[in-house]
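Single-structure report; data block below.
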Amino acid sequence: MLFGDSLRSSIQSILNHKIRSLLTLTGIVIGVMAVVTMFSSVYAIKALIQKNMEGMGWNYSVIIVPSQVRSTQNEKHITYHRVPKNAKNLDYEDYQVLKEQSGARTVYGMIETEALYKKGAKDYAIRLRATNNEFFTTQNYSVQSGRYFNKYESENLIPVIILGYHFAKEHFGDRDPINSLINLGLNRYRIIGVLEDDNLNSGNGMHFNPWQRMEDLKAVYIPLRFGARYLSQNMQIHYIKIQAASEEEFEPVKDKARQLLLARHQMYPNFMEMDIGAMLLKVSQEIDSTMGKWNITLFAIASISLIVGGIGLFSTLLISIQEKMTEIGIRKSIGASERDIFYYFIFEAVTLAILGALLGVIIAWIALSVMGKALKVPLFLPWEGVVLGTAFAALIGFLSGIYPALKASSIDPIQAIYYHE
C-alpha cells in the first residue's frame, strides 16, 4: 500500500466518525491553542516593553553631565588634579558640536530651573526648562495644539514657550492658550504650543516611569539657546543627551562624543557619562531571559493538555481496531502486508493529531484577534508557537499510534475476517 493510499484511507476513516474524531481531538486542540496563545502573550509583553522603552528615548543613549570633582581620595593618600585655566564647563557650544559632528541620530540639551508665575493673587513656582525639539520627539511627546519651536525661534533668542499638558490644564482649563502671553520670572513669553497628554502610558495597562512623565507634562519649555543666554552663566547647560540610531552605532557615537568634548575641554574630563544605553541593553537581556523561562514553563503546562489528548487518541485507536477487524482481515487476504496495516493506523493517528493542531491554531488566532482588540494590545500569531505546537501534536499522535498500529498489523487475517461472527 502506498503512502497516498494510507493517507486517503485514514482521512476517510476520520470523516466516517466525525463526532468521535472531534471529541478525541479536544485535548490536542486545547493544548495547541494554549501553546500558541502563550507564545503570543509573552512576545506581546516583550514587544510592548521594548516599544515603550524606545518611546521614552532610553535605547542607545548616553547622558553627559558636568563633573565638579577636583580630587580623588583613598585610604593612603589624596591626589589633587590641576584644572586647566581655560577648561570650560558644559555649554551650548558643546551641544552644537555634538549635534553637528557626533553622528548621533538625535541630540538635545537641557537647562532646568524654577520660575515664578503670578496668576491673580497667587504665586506659583513653575518648573522651567530650556531644550530643543529633539527632547519632545525622543520622549514621545506630541503637541495637542500649536507647534514645536521653529529654526528661527531656536537660533535668534525669540521668547516663545511650549506648555506641558497638565500645566495648561491647571492654569488655562479648556481655554486655548495659543498666542497668549505669559510672564515667568523676569521674562514674557508667547505661547506657541501645548503638549498632548501622555499617550505612552495610556490604554495598554502598563506604565513606564509615570512620575517623571507627569513632571515633564507639568513643566513649560523654552528654546535651548534662549535658556542658555538668560537662565545660566556663560551659556552653560545642565546636561546633553545623545542617542545613536542602532546598537551597532552606539559605541562609536559615544566614543566620538567623548573625543569631541575632551578636545574642546583641553583634554580635561570635567564631565561624566551616564550610559543609560548600556543599562537598557542589560535590562533587555534580562527581560529576554525571563521571557524565555516563562516560555519553557508555560509550554510545559500546555503540554499536559497535549499528553491528555494523546491518551484519548490512543484509546480511540484501540477501539478502532475492534471496529475494523473485518477490514483488516480483508486487506491482508488480498495482499496487504503488516507494514501496510501499520502505516494505515499510524497515518490515522498523525492525521488526527495534525487536524487537531490546525483547529487549535485557528481558534487561537480568533481568540488573539478578539483579545487584542479588547485590550488594545497588538497580539499576533507567533510562528514559533504554531510550529512548536503542531510538531509536538504530530509527535504525540505518532507515539499514541505506535502500539495500536503494531497490534493491528500483527492480527491473523483469518481470525480478523471471522472476528464478528
Top-ranked residue of the stretch 251-274 - restricted to ones that are buried (at least 16 other Cβ atoms within 10 Å of the Cβ) and modelled with pLDDT under 85, ranked as nearest to Val97 (Cα to Cα): His265
Only listed residue being farther than 28 Å from Ala408 by Cα and surrounded by 14 or more Cβ atoms within 10 Å (Cβ to Cβ), chosen from Gly356, Gly329, Gly372: Gly372
Qualifying residues in the stretch 41-70 (those that are more than 12 Å from the chain's Cα centre (by Cα) and small (Gly, Ala, Ser)) - the one modelled with the lowest pLDDT: Gly57
Residue check, Trp365 at pLDDT below 80, in a helix (DSSP H, G or I) and among the aromatic types (Phe, Trp, Tyr): no
Selected residue [at pLDDT 90 or above, closer than 20 Å to Ile63 by Cα and crowded, with 16+ Cβ neighbours inside 10 Å] from Tyr165, Tyr92, Tyr148: Tyr92
Failed condition for Gly227, given (1) small (Gly, Ala, Ser); (2) at pLDDT 90 or above; (3) not assigned by TED's automatic domain parsing to the domain that holds Glu155: (3)
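Test Gly120 against the stated conditions and say whether it is over 31 Å from the mean Cα position of the chain (by Cα) and at positive phi.
When the stated conditions are applied, Gly120 passes them.
Residues Ala374, Ala405, Ala353: which one is assigned by TED's automatic domain parsing to the domain that holds Val36 and within 23 Å of Gly31 (Cα to Cα)?
Ala353
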Where Ala391 falls short, out of the listed (1) out of contact with any helix residue (DSSP H, G or I) (no Cβ under 7 Å at 6 or more places or on another chain); (2) assigned to a loop (DSSP other than H, G, I, E, B): (2)
Breaking point among (1) assigned to a helix (DSSP H, G or I); (2) closer than 30 Å to Leu298 by Cβ, for Ile414: (2)
Residues (assigned to a strand (DSSP E or B) and within 34 Å of the chain's Cα centre (by Cα)) located in the stretch 138-160: Val143, Gln144, Ser145, Gly146
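The values are calculated or read from the model by the stated rules, or taken from the named source; none is laboratory data. Because the structure is predicted, anything quoted here is derived from the model rather than measured. When we count neighbours, we look across all protein chains shown, and the Cβ atoms used for this are built from the backbone with ideal geometry, even at glycine.
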